[in-house]
Structure formats: structure tokens, C-alpha cells
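Here's the structure, in C-alpha cells; my notes come after.
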Amino acid sequence: MIEIPDIPAGASVYEAALLYAAAGCYVGPLRPGRKDPASSLGKGWPSKTSRDPEQLREWFDGTDANIFIHCGRSGLVVIDVDTPELTPDILRDNLGDGPRQQTQPDQPERLHWVFTVPEGRRLGNGLGSIPPGWGDVRGRNGLIVVTPSIHPAGGEYRWVATGPAPELPEPIAAALTTSSART
């Protein structure tokens, strides 16, 4: 089970990276203002994310890097709601109250909802049969930028609820397409 840790106020990115890794999340560095992991890790970035404390120290200790969680490799799928007013009922009715992160402080309903992937499934980044326009799914080789990173539009990412990530609710899982890729 993955448990999203409570990141103390004032924690460095390195301290946060250690907490995420201890919770079972694979993480990686991002250049400030960027969301492209290849810009920091290079080609083949998905196999380079890590939970190794020595690697995390090299990437984060004393740097200004942001941090991301590699969703699929961590066994997570994230519902990334960017336009809350367009959130379809299937999501609105099933997101629950598990771990979620605010992505912009001036828009409190823009959230990353974190779930574990149902046993035996591999979920990609596609919407499946969920109508578009509200945001994205972050699964296999998807990522989310996390606390205490600075958002490119300004402000920090902030967890509004932490703790054990529940399994993705079946109505949402059933609407998503299984990924054929292995990672």
C-alpha cells in the first residue's frame, strides 16, 4: 500500500524526496518551471526514477530542483482535475476523500486525486470513455509534480489530504483503457 506522506512545512525537496521514497513512491527531479522529466533525466526517464536514498541525495540535496512522483512505476493512477466545473459525474460521484493535492493555491478545486491501480490492471494516461475537457489521467509513465515544488504559474503544490491511497474506484477503473505497455 502506498501512503502519501505528510510533508512538514519548510521541508526541503530532498527531505520530501526521502519521505515519498520511504512511502513507496518512485520520484525524479524536474528543472524549476518545467514538467518534462526528460529535461532532467534524459531519454528513457521512466527507468531512471528512484527510491534509492543515495540517488535522491545526488538529485535533490542543496538544489533548486522540483520533484515528481512517477505514477505508474509507483503503482498509482492520478486523476488530475484542471477544470473542476467540467468534471463529469463519473468522477464527481466516485473520487471520494483520499489523498489529494492542490495544484494552484488560487484555484482550490484544481486537484490531483491519488489512487492505487486495481490488482491485475495496467492503466495508461488515456481517458478511456470518460468525457474530455476536465483534466487528465496520469498512469503508466505519467507523473505529477508534488509538494514542496513550485508551480510554473506561481505558488506551491500543497497536499490537502494525505494518507493511504485507496484503490481506484471500480466505476472509474471500468471507464479507463488498460495499457498494453509493461512499464
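Based on this model, can you work out whether Glu85 counts as of a type outside the set (A, V, I, L, M, F, W, C) and in a loop (DSSP other than H, G, I, E, B)? Let's see the steps before the verdict.
Values: of a type outside the set (A, V, I, L, M, F, W, C): yes; in a loop (DSSP other than H, G, I, E, B): no.
It is false that Glu85 is of a type outside the set (A, V, I, L, M, F, W, C) and in a loop (DSSP other than H, G, I, E, B).
Looking for something touching a helix residue (DSSP H, G or I) at 6+ places or on another chain (Cβ under 8 Å), farther than 21 Å from Trp159 by Cα and of a type in the set (Phe, Trp, Tyr) - is there at least one such residue anywhere in the stretch 12-34? No, that holds for no residue.
I'd like the residue in the stretch 41-67 that is touching a residue at least 12 places away in the same chain (Cβ under 8 Å) and of a type in the set (S, T, N, Q) and, out of all such residues, is most open to solvent (accessible area, probe 1.4 Å). In this case the residue turns out to be Ser47.
Candidates are the residues of the stretch 2-40 that are in a helix (DSSP H, G or I), at pLDDT below 95 and touching a strand residue (DSSP E or B) at 6+ places or on another chain (Cβ under 9 Å); the one that is surrounded by the fewest Cβ atoms within 10 Å (Cβ to Cβ) is Ser39. Residues in the stretch 140-161 that are open to solvent by 60 Å² or more (accessible area, probe 1.4 Å) and either touching a Gly at 6+ places or on another chain (Cβ under 9 Å) or within 18 Å of Arg100 (Cα to Cα) (or both): Arg140, Ile150, Pro152, Glu156, Arg158, Val160. In summary, Lys48 fulfils each of the numbered conditions (1) among the basic types (Lys, Arg); (2) modelled with pLDDT of 95 or more; (3) within 23 Å of Ala153 (Cβ to Cβ) with the single exception of condition (3). Taking into account only those residues within the stretch 92-139 that are of a type in the set (A, V, I, L, M) and open to solvent by less than 30 Å² (accessible area, probe 1.4 Å), which is farthest from Met1 (Cα to Cα)? The residue in question is Ile130.
Whenever a residue of the stretch 155-183 is under 15 Å from Arg122 (Cβ atoms) and of a type in the set (Asp, Glu), its partners that are at pLDDT 95 or above and open to solvent by 20 Å² or more (accessible area, probe 1.4 Å), lying with C-beta atoms within less than 9 angstrom and at least six residues away or across chains, give the pairs Glu167/Thr116; Glu167/Val117.
Based on what the data block shows, is Ile90 among the β-branched types (Val, Ile, Thr), touching a residue at least 60 places away in the same chain (Cβ under 8 Å) and either assigned to a strand (DSSP E or B) or within 21 Å of Ile150 (Cα to Cα) (or both)? Considered against the rule, which asks whether it is among the β-branched types (Val, Ile, Thr), touching a residue at least 60 places away in the same chain (Cβ under 8 Å) and either assigned to a strand (DSSP E or B) or within 21 Å of Ile150 (Cα to Cα) (or both), Ile90 comes out as no.
For the stretch 68-91, taking the residues that are over 18 Å from Val27 (Cα atoms) and of a type in the set (D, E, K, R), the one that is least open to solvent (accessible area, probe 1.4 Å) is identified as Asp82.
The values are calculated or read from the model by the stated rules, or taken from the named source; none is laboratory data. Computed from a predicted model, the values in this text were never measured in an experiment. Please note: Cβ atoms are built from the backbone with ideal geometry, for glycine as well, and neighbour counts cover all protein chains shown. The protein model used for the area step is the full one, side chains on, heavy atoms only, and it has no ligands, DNA or RNA in it. Shrake-Rupley method; radii C 1.70, N 1.55, O 1.52, S 1.80 Å.
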